[in-house]
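Colleague: Sharing a structure with you now.
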Amino acid sequence: MRILLANSLAVIFLCACASVFYVWTGLERALGRYKRGLGEPRSNGFRDQLGDLSRKTFRALLAMPGAQRPHLGDSDNTNNFTGRGYFAGTLTYGKQPGLNVSNSGAMKEVPIRLSDLVEDGVFWNDRMDALLSAGFSEAHAQTWRQRARASRVVSLEPGCGRTSNRLARFSDGTKACVRYGINADQVLGETLSYYLASLLGIANLPPLALSQVSPSSEQWATVKEDMADLQWSDKAVVSLTEWVANLTGVVTPAPLRQEGRGLNPLRADLDNRTLGELQELVQWTDLIVFDYLTANFDRLVSNLFSLQWDSRVMERDTNNLLKSPAGDLVFVDNEAGLVHGYRVLHMWEQYHKTLLSSVCLFRKRTASRIIEMHQKRDAPSRLLGLYQDSESLAPVLGFLSDEQAGVLQERIDYIYKHILNCKRTYSQL
Ligand SMILES: Nc1ncnc2c1ncn2[C@@H]1O[C@H](COP(=O)(O)OP(=O)(O)O)[C@@H](O)[C@H]1O
Ligand SMILES: [Mg+2]
């Protein structure tokens, strides 16, 4: 009897141990899952959706149910431009023009309408504008200029292109590209192109400030030996432009290549594009207007010219154009604009005109500034005013000749007429 009792107790004890073990391992598994849930990235998280976004077509974005649609403006995507947020605006959709709800309640895709992208015939609409960041905002540019002028240059290194350009490091660790013009027109062209972009509200150019190099000035004294090695002459006026990290090359989009059909407010030109592509195309339309105005051949136009002997030139990166990881185009090296560009206009004008005529889509802000400067006939005087207000070295560097000022105004008028022609052609469609 006693043996029977002892055996029963042993069995009960073993069962109790097994139960405790079972409960414990179950708990541990559950706890493990919970910890992983906290610590490991979830595969279908918000970041994935954002990463995916640039590959989605615009139509697909419109088709996303409201609750799932990421709010782009909430992105924590840091912009290597200058650390500002990527998207200036948030895309919000009151209605979904790309969707039709059938009687059965099922959603079916219908082709995208031009009114989803374009308004008033030839202008990108607000939704398209909202795809872009604020770029290098005016407020940012002003702060950068003040700092660049007040900071000591502690080193001059390669890293900004040809030998006459130097990558300058300031005492606070920030960097700028210094352009020492082989002739004064280069720095003048760079500077006036920058301020003209600013007048047009085109925020794709890194902030610029002028400086006068001198081994005896506080700003340049630390690098006076480098300056002597570079044979920079005393009192030369150089431009400083903000150095931007992580920029990469940009290939000209297919519609703007020679064999392309141009960029017009037509479904055939705009359908089936990803959001990333549309975001870039909007900026390209500003670039085409800007390069026409400044007669800058050293970007797309020189590539068109090179097609004669290099049929694959368009498949490579475009000169003097870079892109941030967030998709912002950065127009660098504008020294061929306005001064030199106008001097050699007879060589390039047919290419400039061809390129402008291939685009009938415009940003509203850019077009409105062009229209204003056409109506008031004041492009050169506005440019002079902004340049003089912003740069105390303006009297040293000089300005456009009367003839060049006339060419600038003519080109404003020409773009104005082009916008009207585009409206005439496309507003009825
Ligand atoms: N503001 C900038 N920020 C970062 N890199 C720049 C900047 N400006 C120029 N660079 C770099 O230097 C290269 C050459 O610049 P660019 O101004 O075109 O020089 P170049 O006068 O030799 O044509 C660019 O392709 C880019 O790699
Ligand atoms: Mg260059």
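Bear in mind that the values in this text are calculations on the coordinates, not laboratory data. As the structure is a prediction and not an experimental result, all values here were calculated from the model. As a convention, Cβ positions derive from the backbone with ideal geometry for all residues, glycine included, and neighbour counts pool all protein chains shown.
Colleague: Taking a threshold of 20 Å on the Cα-Cα distance, which of the pairs Lys323/Lys364; Lys364/Lys417; Lys175/Lys224 fall above it?
Modeller: Beyond 20 Å between Cα atoms: Lys323/Lys364.
Colleague: Shifting gears a bit: In the neighborhood of Arg377, defined by Cβ-to-Cβ distances under 12 Å, what is the net charge if each Lys or Arg adds +1 and each Asp or Glu adds -1?
Modeller: Result for the neighbourhood of Arg377: -2.
Colleague: Obtain the nm distance between the two label points defined at Ala184 and Ser381 by a simple spin-label model: each point lies 7 Å from its Cα along the Cα-to-C-beta direction.
Modeller: Going by the 7 Å Cα→Cβ label model, 2.5 nm.
Colleague: How do Lys364, Lys417, Lys353 line up, fewest other C-beta atoms within 10 Å first?
Modeller: Arranged by neighbour count, lowest to highest, Lys364, Lys417, Lys353 become Lys417, Lys353, Lys364.
Colleague: In addition: Each residue of segment 159-174 in order: what ³J(HN,Hα) in whole Hz does its phi give by Karplus 6.51 cos²θ - 1.76 cosθ + 1.60, θ = phi - 60°, with x for Gly and Pro?
Modeller: Along segment 159-174, the couplings run x, 10, x, 4, 4, 6, 9, 10, 8, 9, 10, 8, 4, 8, x, 6 Hz.
Colleague: Relative contact order (percent) for segment 358-429, with alpha-carbon contacts under 8 angstrom and 6 or more residues of separation?
Modeller: 47
Colleague: Under the Karplus relation 6.51 cos²θ - 1.76 cosθ + 1.60, θ = phi - 60°, what is the ordered set of whole-Hz ³J(HN,Hα) values for segment 253-266, x standing for Gly and Pro?
Modeller: x, 3, x, 9, 7, 4, 7, x, 9, x, 10, 10, x, 10
Colleague: Over segment 138-242, what is the mean sequence separation of C-alpha contacts under 8 Å (at least six apart), divided by residue count, expressed as relative contact order in percent?
Modeller: 32
Colleague: Please list the non-local residues whose amide H lies under 5 Å from the amide H of Val330, H modeled 1.01 Å from N, same-chain partners needing a gap of 5 or more.
Modeller: Those lying under 5 Å, H to H, from Val330 are Leu322, Lys323, Ser324.
Colleague: Quick one: pull the percentage of alpha-carbon pairs in segment 282-363 with a separation above 17 Å.
Modeller: Taking all Cα-Cα pairs of segment 282-363, the fraction more than 17 Å apart is 47 percent.
Colleague: Let me ask something additional. Which whole-Hz couplings ³J(HN,Hα) result when phi for each residue of segment 140-146 is put into the Karplus expression 6.51 cos²θ - 1.76 cosθ + 1.60, θ = phi - 60°, listed in order with x for Gly and Pro?
Modeller: Result, rounded to whole Hz: 4, 4, 5, 4, 4, 4, 4.
Colleague: Same structure again: Can you list, bin by bin at 5 Å, the percent of alpha carbon pairs in segment 138-242, starting at 0?
Modeller: Here the calculated profile for segment 138-242 is 2, 13, 24, 27, 19, 10, 4, 1.
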